[in-house]
């Protein structure tokens, strides 16, 4: 398979400084928050690539840069060989972006409460001047709802039904890549399973490519073809699900897996994760995980580890062996 999406050195830095007058009175310099730092990965066509990590690790920021809601501070995002950051041909960028859609985390906030479902679903197509007659009804039936629902408002649906509406909207422009930002986090467990099964079926039927952003390890184990683990904006490990769940190499990945609930380990005693996520405005030197790492040495504190291949996995750890 060919790489449909290539991300190289992706970095995003936010200026979180106080207003100028406050800084002058308090004698403070500007403050910058590094949300994403030099992230590299590839997504092969018709596969699911999952980004996992704790809250604040930069997952959603990467997703927003991929769809164009945020511009990278550094690095490149290539879709089918078109660099969406440096490409000067507006036509090429528009064509590439038309093949990308996003499913947002909150199905309550991402739907306009004043619009009927029909208008919400066809909006991506109408914005490009495409034909919309009967489109909403067909897509609603495709995601397991009824065509008659097109005339209703979002408040008339449950959370799971609203997420299905979001999925229908993302399919309206016939995209090839869908960025799914925590698509089931606001739903209860039984509805989560329904939505994930729907997404899996649509991927097979329509040949879709997914970037799945989640903190739920049980989701990625069954959905993903490749998993990237983020910590403080840095990619620390990348592997296929079988390798990652059976032989995790990075101490942070091991900590995440130990903390996750397991059906086959009832009554087990697991020590809670140690320490807190460092302040991204003032990140640690060297390996960002070293303040919490049980095996950290001097080199971990001094030198940032490069991502290197160990067997079928890629790991950014000096002591991965």
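What follows draws every value from the coordinates through simple rules; no lab data is involved. From a predicted model like this one, the values you see are computed outputs, not experimental measurements. Positions of Cβ are backbone-derived with ideal geometry, glycine not excepted, and every protein chain shown enters the neighbour counts.
Percent relative contact order of the range 87-186, based on C-alpha pairs within less than 8 angstrom and at least six residues apart? Walk me through the numbers on the way to the answer.
Numbers: 142 pairs, mean separation 44.6, N = 100.
Reported relative contact order: 45 percent.
Please give the contour-minus-distance gain from residue 69 to residue 127: 0.36 nm per residue of separation, less the Cα-Cα distance, rounded to one decimal in nm. Let's see the in-between values first.
Values: separation 58, 0.36 × 58 = 20.88 nm, distance 1.67 nm.
The residue 69-residue 127 span can extend by a further 19.2 nm.
Quick one: compute the contact order of the chain, relative version, from alpha carbon pairs under 8 angstrom and 6+ residues apart, as a percent.
Details: 580 pairs, mean separation 62.0, N = 321.
Result for the chain is 19 percent.
Between residue 148 and residue 46, how high is the FRET efficiency from 1/(1 + (r/R0)^6) when r is the Cβ-Cβ distance and R₀ = 30 Å? Nearest 0.05. Display every interim value, and only then the final one.
Working: r = 33 Å, r/R0 = 1.10.
Once the sixth-power term is evaluated, E becomes 0.35.
Mind sorting 285, 17, 170, 60 by how few other Cβ atoms lie within 10 Å of their own Cβ, fewest first? Kindly include the intermediate steps, with their values, before the conclusion.
On the way: 285 11, 17 14, 170 25, 60 20.
Ordered from fewest to most neighbouring Cβ atoms within 10 Å, 285, 17, 170, 60 come out as 285, 17, 60, 170.
By counting other Cβ atoms within 10 Å of each Cβ, how are 213, 120 ranked from fewest to most? If you can, show how the numbers build up before the last one.
Numbers: 213 29, 120 22.
Starting with the residue having the fewest Cβ neighbours, the order is 120, 213.
With labels modelled as points extended 7 Å from the Cα through the Cβ direction, what inter-label distance (nm, one decimal) is found for residue 31 paired with residue 15?
1.6
Could you calculate the contour length gain from residue 94 to residue 304, that is, 0.36 nm times the residue separation minus the distance between their Cα atoms, to one decimal place in nm? Before the final figure, lay out the partial values.
Details: separation 210, 0.36 × 210 = 75.60 nm, distance 3.70 nm.
Value of the extension gain: 71.9 nm.
For 57, 200, 96, what ranking results if the residue with the fewest other Cβ atoms within 10 Å of its Cβ goes first?
Numbers: 57 26, 200 15, 96 21.
Ranking 57, 200, 96 by Cβ neighbours within 10 Å, fewest first, gives 200, 96, 57.
Any chance you could check the Cα centroid distance between the range 68-135 and the range 241-262 for me, in angstrom?
34
Run through the DSSP bridge list for the range 167-321 and note the antiparallel percent, rounded to the nearest 5. Display every interim value, and only then the final one.
Numbers: 10 of 15 bridges.
For the range 167-321, the DSSP antiparallel bridge percentage is about 65.
Just to be sure I understand the model, the point goes 7 Å from the Cα along the line to the Cβ. What's the resulting residue 76 to residue 279 distance in nm?
3.6
Seen from all sides and averaged, what is the projected area of the convex hull of the Cα atoms in the chain, in nm²?
Details: hull surface 79.9 nm².
Here the figure is 20.0 nm², rounded to one decimal.
By how many degrees, 0 to 90 and rounded to 10, does the Cα axis of helix 189-206 deviate from the longest principal axis of the chain?
On a 0 to 90 degree scale, this one is about 70.
Pop a pseudo-label 7 angstrom from the Cα along the beta-carbon direction at both residue 24 and residue 297 and give the gap in nm to one decimal.
My value for the distance between the label points is 5.2 nm.
What does DSSP give for the chain in terms of the percent of beta bridges that are antiparallel, rounded to the nearest 5?
Working: 26 of 43 bridges.
Close to 60 percent.
To test your reading of the geometry: what angle, between 0 and 90 degrees and rounded to tens, separates the Cα axis of helix 159-171 from the longest principal axis of the chain?
So the helix axis and the longest Cα principal axis differ by about 80 degrees.
Largest first and to the nearest Å, give the Cα extent of the range 98-171 along each principal axis.
Principal axes ranked by extent give 30, 25, 23 Å for the Cα atoms.
If the chain between residue 119 and residue 158 were fully stretched, how many nm would it gain, using 0.36 nm times the residue separation less the Cα-Cα distance?
12.2 nm
Using Cα pairs closer than 8 Å and at least 6 residues apart in sequence, work out the relative contact order for the range 1-145, in percent. Before the final figure, lay out the partial values.
Values: 165 pairs, mean separation 32.6, N = 145.
Over the range 1-145, the number comes to 22 percent.
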